[in-house]
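FYI, it's all coordinate maths here, none of it is from the lab. This is a predicted model, so every value here is computed, not measured. Neighbour counts run over all protein chains shown; Cβ positions are idealised from the backbone, glycine included.
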Amino acid sequence: MIQGLLFDLDGTLVDSNWVWKNIGRDFLIAQGKTPEEGLVGKFEEMSFTQSAEYMIREYGLSMTVGEVIAAVTQMAEDTYLTRVDLKPGASELLRRCKAAGYPMAVGTALDEGLARRLLERLGILDFFRGVYTCETLGFPKTDPAFYRRAVELLGCLPGETAVFEDAPHALKTAKEAGCRTVGVADPWGAPRRAEAEEYSDRFLQSLEELLDLQHGGEQLPPE
């Protein structure tokens with residue numbers, strides 16, 4: 001029986017994947033570097049720290065990891081705090097799950113400070129018991145330990161926690177951690193949709209589908 005809910009942020013609760021499609025490239029160009037083809041795909045499965053380490057190593061940047069993270073975060077922050085919005089159904093789903101008594105948390109690769117400011121701007125920060133990031137937990141989303149630790153902090157067991165994610169690699173890792181997985185479609189993930197569905201116990205075209213299920217009297221979230 002599902003006891004807790006862990007939500008990814010980018011591409012799951014908020015429509016923000018478009019922000020990151022070019023930001024690594026734009027940062028490197030600003031540093032006078034020529035980005036390689038396929039850079040975006042590489043960054044998709046990395047934490048902030050791993051991405052920064054990669055750029056420093058592969059492009060010979062004379063910056064520290066902290067400096068790279070700070071610079072990229074600053075580039076993204078203005079957009080996050082003015083143009084990024086919730087995906088359809090997100091606010092109402094969170095409200096209903098909170099009212100039903102589900103403990104909820106955010107699990108994200110985003111910088112914690114930026115994530116909290118975004119959640120506060122969108123009016124949903126208070127729905128969550130915690131905001132757990134790859135940096136604060138010390139694991140990327142390619143390591144099942146990320147999900148095990150996040151679930152532990154939420155106060156639940158993996159098998160009784162539903163993890164909402166849009167990225168195939170994150171769904172795969174959450175499943176390896178023993179969690180129930182709910183895939184959420186995102187336009188930017190369309191080329192890997194079949195892979196995301198493969199690792200999902202339930203796959204949603206939109207979070208609004210769960211609102212329809214609740215109206216029909218079925219349990220929310222799905223078992």
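When the trypsin sites (Lys or Arg not before Pro) in the range 71-161 are filtered for DSSP coil states and for at most 11 other beta-carbon atoms within 10 Å of their beta-carbon, the remaining sites are ARG83. P(r) tail for the range 90-223: Cα pairs beyond 18 Å make up 56% of the total.
When the chain is described by a simple charge dipole with +1 on each Lys and Arg Cβ and -1 on each Asp and Glu Cβ, the residue from PHE127, GLY159, TYR80 located farthest towards its positive end is PHE127.
What do you get when you divide the Cα radius of gyration of the range 18-80 by 2.2 N^0.38 Å, with N the number of residues?
That ratio works out to 1.00.
Over the chain, dividing the summed -39,500 (n - 2.57) contributions of all DSSP H runs of at least 4 residues by the number of residues returns a 222 nm mean residue ellipticity of -13000 deg cm²/dmol.
Can you list which of the GluC sites (Glu not before Pro) found in the range 136-177 are DSSP loop residues with at most 13 other C-beta atoms within 10 Å?
In loop regions of the range 136-177 (DSSP not H, G, I, E or B), there are no sparsely surrounded GluC sites (Glu not before Pro).
Using a simple spin-label model with pseudo-atoms 7 Å out from Cα toward Cβ, ARG25 and MET63 lie 1.8 nm apart.
Under a Cβ-only charge scheme (Lys and Arg +1, Asp and Glu -1), can you give me the dipole magnitude of the range 1-158 about the Cα centre, in debye to the nearest 20?
With only Lys, Arg, Asp and Glu charged at Cβ, the dipole is about 480 debye.
The range 30-93 and the range 148-168 have Cα centres separated by 24 Å.
Based on the Cβ-Cβ distance from ARG121 to THR142, what FRET efficiency comes out when R0 is 30 Å, to the nearest 0.05?
0.55
Of all beta bridges that DSSP places with both ends in the chain, some 10 percent have antiparallel geometry.
Given R₀ = 25 Å, what would the calculated FRET efficiency be for GLU37 paired with LEU81, taking r from the Cβ atoms and rounding to 0.05?
E between GLU37 and LEU81, to the nearest 0.05, is 0.20.
Modelled spin labels at ALA99 and GLN74, positioned 7 Å past Cα toward Cβ, are 4.4 nm from each other. Loop-resident GluC sites (Glu not before Pro) (DSSP state other than H, G, I, E or B) in the range 19-123 with no more than 15 further Cβ atoms inside 10 Å of their Cβ: GLU36, GLU37.
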